[in-house]
1. Limited to the range 741-777, what total is found for residues that are farther than 28 Å from residue 713 by Cβ, of a type in the set (Lys, Arg), open to solvent by 60 Å² or more (accessible area, probe 1.4 Å) and not in a loop (DSSP other than H, G, I, E, B)?
2. Quick one: residue 425 ticks every box in (1) touching an Asp or Glu at 6+ places or on another chain (Cβ under 7 Å); (2) under 20 Å from residue 487 (Cβ atoms); (3) open to solvent by 60 Å² or more (accessible area, probe 1.4 Å) except a single one, so which number is it?
3. Being among the β-branched types (Val, Ile, Thr) and under 28 Å from the mean Cα position of the chain (by Cα) narrows it down to one of 453, 472, 437, so name that one.
4. Looking at (1) surrounded by 14 or more Cβ atoms within 10 Å (Cβ to Cβ); (2) at pLDDT 90 or above; (3) not basic (Lys, Arg), which is the only condition residue 500 fails?
5. Give the residues of the range 371-387 that are open to solvent by 20 Å² or more (accessible area, probe 1.4 Å) and either assigned to a strand (DSSP E or B) or touching a Gly at 6+ places or on another chain (Cβ under 9 Å) (or both), sorted by residue number.
6. Does the range 290-319 hold any residues that are among the hydroxyl-bearing types (Ser, Thr, Tyr) and either within 30 Å of residue 569 (Cα to Cα) or open to solvent by less than 20 Å² (accessible area, probe 1.4 Å) (or both), and which are they?
7. Identify all residues within the range 651-671 that are open to solvent by 30 Å² or more (accessible area, probe 1.4 Å) and in contact (Cβ under 8 Å) with a residue 12 or more places away in the chain; write none if there are none.
8. Surrounded by fewer than 19 Cβ atoms within 10 Å (Cβ to Cβ), touching a Gly at 6+ places or on another chain (Cβ under 6 Å) and either of a type in the set (Gly, Ala, Ser) or without any contact (Cβ under 8 Å) to a residue 60 or more places away in the chain (or both): is that true of residue 349 in this structure?
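The values are calculated or read from the model by the stated rules, or taken from the named source; none is laboratory data. The shown structure was predicted, so the numbers you read here are calculated from the model rather than taken from an experiment. Reconstructed Cβ throughout: ideal geometry from the backbone, glycine too, with neighbour counts over all protein chains shown. Just the protein is used for accessible areas: all its heavy atoms, side chains included, with ligands, DNA and RNA removed. Shrake-Rupley method; radii C 1.70, N 1.55, O 1.52, S 1.80 Å.
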Amino acid sequence: MNKFILSLLILLFSIQIFGQKKSTYRLFGHVLDDNKEALPYVAVAVFSAKDSSYVKGAATEMNGKFSIQLPSGKYYAKISFLSFKDKTMPNIIVTDSDVDLSKIQLEPSVKNLEEFQVVEEKALMELDLDKRVYNVDKDVTNQGADAAEVLDNVPSVAVDVDGNVSLRGSENVRILINGKPSGMVGISTSEALKQLQGNQIEKIEVITNPSSRYDAEGEVGIINIVLKKDKREGINGSVNANFGYPNNYGGGFNITIKRKKFSVFTGYGVTFRDSPGSNTSSQNFTYPDTSFSYNSVSKTERFSFDNNFRLGTEIFVNDYNTITISGNTSFGDGDNTTDLTYSDFNELDVATQTVNRNEEEDKDRLSYDVNFNYRKTFKKKDRLFTIDFSHSDRTDNENSIITQTNDVVVAENLEQRVFNNEGGQNYVFQTDYIHPIKKGKLETGLKQTIRKIDDDYAVEQFNSSNSEWEFIPGFVNFVLFEENVSAAYIMYGNKMKKFSYQLGVRAEFTELKTELVTTKEINNRDYFNFFPTTHLNYEIKKGTSFQLSYSRRIQRPRHWWLLPFFSFTDSRSNFSGNPNLNPEFTDSYEVGHLKNWDKASLLASVYYRYTTNNITRITTSDSTGITQRKPINLGVKDAYGVEFSGSYDLKKWWSLRGSFNFYREIIEGEYLDVQYGSDAYVWTTRLNSKWNIKKKVNLQASFNFRAPQQSPQGETLARYSLDTGFSFDILKGNGTVTFNVKDVFNSRRRRSVSYGENFTSESERQWRSRYFRINIAYRINQKKKRGGDRGYDDFNSDGEG
């Protein structure tokens, strides 16, 4: 079946490329300012002379020249650029040859031309009803950061001290890179995001209620990380270097070479980091015949060296066919040292013993992605056909040596070795087609995702009596995991005056197989589901819109939730998976209202989520004081809330961006005849303030706060943090120096209280302490620019999401 599908796609691909003859001609020109100097980034929009409908657009290159392919017809063009008067070019007739508009000179519309500087000022945050776009480069506190740190500054998104990403309070979120799943996030999302350097990220898109075009995976939506790729002709790019304290060194580059028939884009990033962290906890156990307690204190030093390289090319076969081939590889290693001390006390709170546990861990990581995209456009506007194929591979090998000493019980002096070697492969085949029907669009597509993971895990203990290493029973196995998802969708949208709608449904068939080779255990599962989506939009007036949306979502168990292995760093508190975990399903409803003013914008949303088979973590303890955490399906979860995201320019030199999210989350369920439940009221807020001093220095401060949150077994306490930074330009605007401080008050810590049938626990964890960083960036053929970067995408926003 797979060979037949592949052969069919190749046949379609060949027909579409070579079956099209030229039927468009070039409209070109040269835009100049009042001093007859070239103007880059000027927006050129072409409209039909018949009905004034928008046809096509482009932005001028660094030399002020532009070129647009058009079919035969009668048109007019509008030339616009900030601080210059708009200019209209009438009576453009395209018949059977190219049309040269020659030199087009714009007149200034500002008095103080000597003060005018071409400086790009994309908004830090762009709001739409169905997604929020966060432009990473505009945040000076992100310079030199990794992807996890970048995400932690995005509205609605939070990254905890362990690197877990959540959206609107839920960790069940789908993370994509350039709109596709990546091998980088195939095994450990938190580790992968730490490898991806922020200097390679262009923007972050947050989609809270995706349409049926997207995978149904993710309870609360999708986070899409878009990497940089310059669209201007010539050689463009940037080079950067950064250093900080504690040890934090890195650098990289992004280069794009674009010609008329092709473009090549590449990028590289490297970092070396020292990430000191700490963890303290207090555990109390009460049983009918005894009680005891212990305190634990751990300090961790993490040294990581990571590299990320990408290379790709875009080939413009002709006016209607484009091929893109790209690849990405990440590789690195890490050395982690953890010193953990247990202090034990009896029922009278008298110290009984001290146990020291030291772990030396070595990690090696390697991953790569290969992507192919074929894009076919037609004479008819908005008609589109695409084929995508991607393959990714990842290995993550971890080896640890653990030494334990006990100051009282000599028999508990131990030496242990832990091996955890994981490998994974992803294959994705996808095709999509969009067909315009009058003012509407019909869209359909097919997708096949194949995911394979193998995990070789073992714990050995040294036997001093025979001087041999021996496996610990129950802590050795080899696991094979395979997930196949076959999907198809259809969607239709239309617009009637101020009202527009989009209706769709997606069908997904999932096959799961988990095999424990050593113990010969096999778990096969499959399920078929429909996922309808609805989006309704009403434009009250220009700049004010109202939207109602609905989607059904699924959260499949992540592979590490299914593996029955235990973490072993802390021998008294460990985590294991649950092979019997089922997927959870969510019905998501949202009402949004977007209002734009000249100096401000506000997006207000009210949302509700109803989840069945809710996946949550439960902690249990035994009579020796060992606690075990594992994921289970716990009843149902209701979550509803209100969210505000907005921006306001108080002055020309002072702007504010912020978000506020308040929600109530109710969980009810039963596990092993024990009732669990919580009723939590939670709110989070972010405020970003940016000051521009005399157009030379940018100052920025970002404050985050998260209120306490109840869980079925306790509470996560409030936490807050403040990031600050400033930047200034050098080398005549070609370079920028940035200084930032992450977590000024050293307060980014996870503090929690939990309890069970026989225990209570208090803990405080800090993944990484406060740090300082300096970043130096140099731009190649792309001075900062303000206002004129309105290209084709701004005139035609109906993208592929």
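1. Adding up the residues that qualify gives 0.
2. Condition (3) is where residue 425 drops out.
3. 453
4. (2)
5. 371, 372, 373, 375, 377, 385 - these are the residues of the range 371-387 that are open to solvent by 20 Å² or more (accessible area, probe 1.4 Å) and either assigned to a strand (DSSP E or B) or touching a Gly at 6+ places or on another chain (Cβ under 9 Å) (or both).
6. 290, 291, 293, 294, 296, 298, 300, 304
7. Restricting attention to the range 651-671, the residues satisfying the condition of being open to solvent by 30 Å² or more (accessible area, probe 1.4 Å) are 651-654, 656-657, 660, 662, 664, 666, 668, 670-671.
Correct list: 652, 653, 654, 656, 657, 660, 662, 664, 666, 668, 670, 671.
8. no
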